[in-house]
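Below is one structure; the comments refer to it alone.
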Amino acid sequence: MNSSPQSESANYSPTSLGASLSGFWIWLVVLIVSAVLIWLAPNAAWLAKPPVDWVLPIADYTNQFMQVLVNVAKPMFRLIGEWFAIPMEALQGILQWLPWPATIAIFAAFAWVAAGWKLSLFTVLALMYMVITGYWSPSMNTLGTVLVSIPLALLLGFGLAVITYDSPKVNRVVQPLLDFMQTVPTFAYLIPIMLLFGFGPVVGVVASAIYACPPMVRNMIVGLQQVSPDVLESGRMSGATPMQLFWQVRIPNAMSTIMVGINQATMAALSMVIIAAIIGSSADIGWEVLNQMRKARFGESLIAGLVIALFAMVLDRISMGFSNRSRAIARQHAALTVRAAPWVLALAVVVLCSVFAPQLTWLSVWPEQWEFYPADAINNALKYVTAEYSSLMKTIKNSALFYFLLPIRIGFSKAISPFSWGFALEPWMMHAYAAAAAVIALLGAWRFSWRFSVGVVIATTLLWYGMTGLPWVVFILVVSTIAWQVADWRVGLLSLFAWLFMVVTGIWEQAMLSVAMCLAAVMVCLLLGGMIGIWASRSDRVSAFIRPINDTLQSMPLFVILIPFLMFFQIGEFTSFLAIIAYAIVPCIRYTEHGLRGVPESTVEAATSMGCTPRQLLWNVKLPLALPQIMLGLNQTVMFALAMLVITALVGSKGLGQSVYIALSNSDAGQGLVAGFGMAFIAIVTDRVLQGWSLRRQRELGLVS
Amino acid sequence: MSTLKDVSGTHSAAESSVKISCRSVWKVYGDNVSQRYPALAGQHSDPAALRKALLSEGLIVAASDVSFDVRSGEIFIIMGLSGSGKSTMVRCLSRLVEPTAGEVLLDGEDLLSANDAELIKIRRHRMGMVFQNFGLMPHLTVLENIGFPLKLQGKSSRERVARAKEVIELVGLEGREDSFPRELSGGQQQRVGIARSLAVEPDVWLLDEPFSALDPLIRRQMQDEFLRLQTLLNKTIVFITHDFLEALRLADRIAIMKDGQLVQLGTPTELVLNPANDYVAEFTKDVPRDRVITVGELIENASSDVPVDAPRIASKTTLDVVMPMFESHPGGVVVDSEGVTLGVVTPARVIQALAQHQSSS
Ligand SMILES: Nc1ncnc2c1ncn2[C@@H]1O[C@H](COP(=O)(O)OP(=O)(O)O)[C@@H](O)[C@H]1O
Ligand SMILES: [Mg+2]
């Protein structure tokens, strides 16, 4: 084969060549303008950093508005809060009063019905752990809050979905609302809720109901819309009234999707209730963990964190079990006696416990001397390990900081110093760097396409100046052009608007810190997650091994994930970096595997019969076809990374998350919301770009219509 | 040829009353149809001109000035390629699709003026419909699916089960009462769909490509069963198909649609022997003529020389069935209708008819 680049480019059809050339000119102009701006920047302060006097007092206005709102509406919200408090306190009272074996028996019965005896056993063990570590009482307080907020979220979600699913007009309003509900960091809207409802456990209920609502709405809308027209018509022809059609045809047909929504909403509600502990108003398990973490008691926080982890797993598996059951091909026609057995057993335990509790006090309160609380042992072991391997861990940490995180944030031009890299930056290095970049770009243009070269130019420039060193105008220009070229002009405009929002609200520098951190973590996720995903797509055993780990990571309330990294690397940026990767890598793994496994068998067979080696098959056939899916995974990864970024403010990461966190501790609604919306904008723009690209690519490949 | 047409008039359904009547039904899709259609209809009184105007505005004309009558107890088939508007038409008859203009009469009453409550009542008691993809409720068992229309009417569980069991027996699904749709084969699922549509004892039975999703062998078997059911139940049937051979097997009359227009309406024989245009001829060209022409259309007056031992056959018998008989009865066969002798058909007449239509195609 003598395939020269010329003959390759000749494959382009005239129209796509035309489109691609217009893109080329656009990029040429953008890059030249950028180069000029970068050259001018050292002498024009307003170019380097957004001028302070451009900042509009949006945060202040927001605060003033909040002040008025609080003054006017506080009594009403307080009243609502009191209403919510009634069922919550009642539930918490019952859960505290019930002897622990009774509660465990009820849970075990649910688990049994949902997914069989294995889950039931797991549930018993998990809850027993809470008993014997002495965390039963705070756990039950958390459960009480969650059990009130879930129905609220479901009700809210149900209502929203019902008015949305068949009205494109309402949909246009509701979808962006949901986007913001999911992407504005939870810490940010804790502030206004706190101002309106006052300190207290009700804040957790309200915040988690809001946070848990979007997954319910989205799944339910999809479920209701996906009911097949044949089924609906047959319902109408059977003489269904509109009400009957909705309740007896649409809802049952959408049930399995709705159950997925309920599962996701449950996990979100738990996660938020735990996070709400940060305002420290209730004796729940989230508060226990946070408290221990703040005191740097790692053994204790690990033990308590495990409670949350187990809690999440039990709730997740049980609700998943019910969801799978509704999807099962056929219900089991088990005899009534068999079906009733778990409930009867649970009831028997409840009755027995209630009868004997007055005599046997250990049924109500686990005696302290029976507690198993190995915090000291863990702390000692930890001390030993960190002392023993301190130089190794320091090396790992510093290498990641100096050679990876720092260049992305402040660029090689500043990151290279005798202190970090062991030598100072000489002018010839800069010239060599520029020359190398130019050579790679030119080679790329000759061997692949001009797009590759544009990518190289952008990447090398970025690495040289860093996120914070790049003139802001250049950043906005390049990123918005990417959005425009990759998705469409609307997304480009959205991007422009979003970044200008950061400028006029004065959060530009924090935003750049967040972008740098997020970018670094996402790159690692893509690389590592992609490799794991490829491996899992080739081996069922690996896939089966990884799946439960992914499930667990994904259902984990965010700040539990911080604990293990905090133990080894203490407070700081590196800990945040690892925690973000641990949480955000999951979608990359999942979507890569899913995408690769989804490549049609016939395509693989055709390629194999043409003599593709396994490596060629992967790189030339499977990965290109799976790329749209992988991009969707990347999209999710970015969303997860941003969500985690806010939480890592707890362990000292900088950027918008930190701003939100500080605003939260100052009850500064304006600053919190501004920074929160800043993060939401980053998330939404990224989402539109990646989704836009993925959808277009899938259409081009004929994977969707 | 004119003689053939006359004879087809003796069709049994001809004398019975009209059950459903479509009068100039239009269905137009597109933005703002409710305003744009009347405006254009006001400018163009001629249907052809109106259709042209609608199309030139970028509207989708799914049904265009369609008129036909369906007689009580007949199997009326609507045939056409995919996208020709068949589903739209059958849905106009039940108002699953709201016609843009025109009239639909059911037993002489205006269906389009019925309000929601009346419409639900009509669907609950007078119409049954079968869908191409079955439209079964996946969360209900066979028994529950079939009893579903009765449940919507508020019938008691005992009544539902009793009636469902009756129709289950009718369609031959005994033993599968407690299965879920996904556990059944396609053919069995459609039996459930048929049973459900019959559960309310409707007198109008609408079937939209009921057998198109099935394998050819199963399809054939279901067609036989369908004919058997119809001899038992004698419903008024509107049956949609894109398969001309299916239409031939089942139809009393066939309406052929193209691009939303009714192109030709007639008995299978009429369509085969006198296609109105190339579109119809294209469907009919591969149909063996001896399988379409019936002896009833070739009757010669009973003359004195009728062979005494000649077999007596029904007037609806097709030539492919009759021809082997000529081997032992070269003098011809006697055609009768319910015991009354109509006349004789001779080999010579048969050859003449076949030769005539062979050349015309
Ligand atoms: N809801 C709708 N909106 C727009 N066009 C439709 C709609 N339903 C049907 N059509 C169009 O009307 C025409 C006839 O459709 P249909 O009656 O389903 O045809 P058939 O059943 O013969 O395949 C097709 O061109 C189809 O695209
Ligand atoms: Mg159709």
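The values are calculated or read from the model by the stated rules, or taken from the named source; none is laboratory data. Predicted model, so just to flag it, every value in this text is computed and none were measured. Cβ: placed from backbone, ideal geometry, glycine included. Neighbour counts: every protein chain shown. Heads up: the accessible areas ignore ligands, DNA and RNA and are worked out on the full protein's heavy atoms, side chains in. Shrake-Rupley method; radii C 1.70, N 1.55, O 1.52, S 1.80 Å.
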- Note on the structure: Rounded to whole Å², per residue accessible area for the protein assembly as shown with a 1.4 Å probe reads 47 Å²
- How many angstrom lie between the C-alpha centres of the stretch B:129-160 and the stretch B:69-96? 24 Å
- Query: For the stretch A:521-605, what is the per residue volume of the convex hull drawn over the alpha-carbon atoms, in cubic angstrom?
  - Reply: 90 Å³
- Item | Degrees separating the helix A:58-97 axis from the principal Cα axis of chain A, which is the longest one | 40 degrees
- Item | Angle between chain A longest axis and helix A:375-388 axis [Cα atoms, degrees, rounded to 10] | 20 degrees
- Query: Going by the alpha-carbon gyration tensor, a ≥ b ≥ c the square roots of its eigenvalues, is the stretch A:48-168 rounded (a/c under 1.5) or, if a/c is not under 1.5, prolate (a/b greater than b/c) versus oblate?
  - Reply: prolate
- Item | Lysine pairs with alpha-carbon atoms under 22 Å apart, chain B, spacing 8 or more or separate chains | 23
- Å³ per residue enclosed by the Cα convex hull of the stretch A:189-300: 122 Å³
- Message: With the cut-off at 1.5 for a/c, could you classify the stretch A:392-546 from its C-alpha gyration tensor as rounded, prolate or oblate?
- Response: rounded
- Name the shape class, rounded, prolate or oblate, that the alpha-carbon gyration tensor gives for the stretch A:487-705, where a ≥ b ≥ c are the square roots of its eigenvalues, rounded holds for a/c under 1.5, and otherwise prolate holds if a/b is larger than b/c and oblate otherwise. oblate
- Helix A:427-447 vs. chain A, principal-axis angle (Cα, 0 to 90°, nearest 10): 90 degrees
- Excluding residues fewer than 8 places away in the same chain, name every one of the aspartates and glutamates whose C-alpha is closer than 15 Å to that of A:Lys414. A:Glu426
- For B:Ala355 and B:Asp178 in the same chain, what is the full-extension length gain: residue separation times 0.36 nm, less their Cα-Cα distance, in nm? 58.1 nm
- Just need the relative contact order of the stretch A:487-705 here, percent rounded to a whole number, with Cα pairs under 8 Å and 6+ apart. 30 percent
- Query: Can you work out ³J(HN,Hα) from phi for every residue in the stretch A:140-146, in order, using Karplus 6.51 cos²θ - 1.76 cosθ + 1.60 and θ = phi - 60°, giving whole Hz and x for Gly and Pro?
  - Reply: 5, 5, 4, 4, x, 5, 4
- Treating only the Cβ atoms of Lys and Arg (+1) and Asp and Glu (-1) as charged, compute the dipole magnitude of the stretch A:487-705 about its Cα centre; round to the nearest 20 debye. 400 debye
- Message: Rounded to the nearest 20 debye, what is the charge dipole size of the protein assembly as shown about its Cα centre when +1 sits on each Lys and Arg Cβ and -1 on each Asp and Glu Cβ?
- Response: 2480 debye
- Residues with amide H under 5 Å of B:Gln132's amide H, sequence separation 5 or more or different chain, H placed in the peptide plane at 1.01 Å from N; which? B:Asp208
- Helical segments meeting 27 Å axial Cα length and Kyte-Doolittle 1.6 threshold in chain B (DSSP H): none
- Which whole-number percent is the relative contact order of the stretch A:38-194 (Cα, under 8 Å, 6+ apart)? 17 percent
- Apply the Karplus parameterisation 6.51 cos²θ - 1.76 cosθ + 1.60, with θ equal to phi minus 60°, to every residue of the stretch A:43-54 and state each ³J(HN,Hα) to the nearest whole Hz, in sequence, with x for glycine and proline. 9, 10, 4, 5, 7, 5, 10, x, x, 5, 6, 7
- Item | Quarter of Cα convex hull surface for the stretch A:557-660, i.e. mean projection, nm² | 7.9 nm²
- Task: Determine the calculated [θ] at 222 nm for chain A from helices alone, applying -39500 (n - 2.57) to every DSSP H run no shorter than 4 residues and normalising by the residue count; nearest 500 deg cm²/dmol.
- Result: -26000 deg cm²/dmol
- Message: Projecting each Cα onto the charge dipole of the protein assembly as shown (Lys/Arg +1, Asp/Glu -1 at the beta carbon, about the Cα centre), which of B:Met79, A:Pro600, B:Gly58 comes out farthest on the positive side?
- Response: A:Pro600
- Query: Net charge near B:Asp336, counting Lys/Arg +1 and Asp/Glu -1 over other residues with Cβ under 13 Å of its Cβ?
  - Reply: +1
- Starting from the amide H of B:Ile254, placed 1.01 Å from N in the peptide plane, find each other amide H under 5 Å away whose residue is 5 or more places distant or on another chain. B:Ile77, B:Gly266, B:Thr267
- Expressed as a rounded percentage, what relative contact order does chain B have, with Cα pairs under 8 Å and six or more residues apart? 18 percent
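Could you list the square roots of 5 times each eigenvalue of the Cα gyration tensor of chain B, that is, the equivalent ellipsoid semi-axes, sorted largest first and rounded to whole Å?
Taking √(5λ) for each Cα gyration eigenvalue gives 38, 29, 18 Å.
Considering all alpha-carbon pairs of the protein assembly as shown, what whole percent are spaced by more than 44 angstrom?
Across the protein assembly as shown, Cα pairs with separations above 44 Å total 53 percent.
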- Message: If you average the C-alpha positions of the stretch B:261-280 and of the stretch A:467-530 separately, how far apart do those two centres end up, in angstrom?
- Response: 66 Å
- Message: Give me a comma-separated list of calculated 3J(HN,Hα) values for the stretch A:263-271, in order, Karplus coefficients 6.51, -1.76, 1.60 applied at θ = phi - 60°, integers in Hz, x for any Gly or Pro.
- Response: 4, 5, 5, 4, 5, 5, 4, 4, 4
- Could you work out the Kirkwood radius for the stretch B:290-360, taking every pair of different alpha carbons, averaging 1/r and inverting it, reported in Å? 12.0 Å
- Note on the structure: Counting only residues 5 or more apart in sequence or on a different chain, those whose built amide H sits under 5 Å from that of B:Thr100 are B:Trp26, B:Lys27, B:Val28
- Message: Between the stretch A:32-75 and the stretch A:541-555, how far is it from one alpha carbon centroid to the other, in angstrom?
- Response: 43 Å
- Task: Report in % the part of the accessible area of the stretch A:101-249 that belongs to carbon and sulfur, leaving out ligands and nucleic acids; probe 1.4 Å.
- Result: 74 percent
- About its Cα centre, what dipole magnitude does the stretch B:15-167 give when the only charges are +1 on Lys and Arg Cβ and -1 on Asp and Glu Cβ, stated in debye to the nearest 20? 620 debye
- Projected label distance in nm at A:Ala445 and B:Tyr29, using a 7 Å step from Cα toward the beta-carbon: 4.9 nm
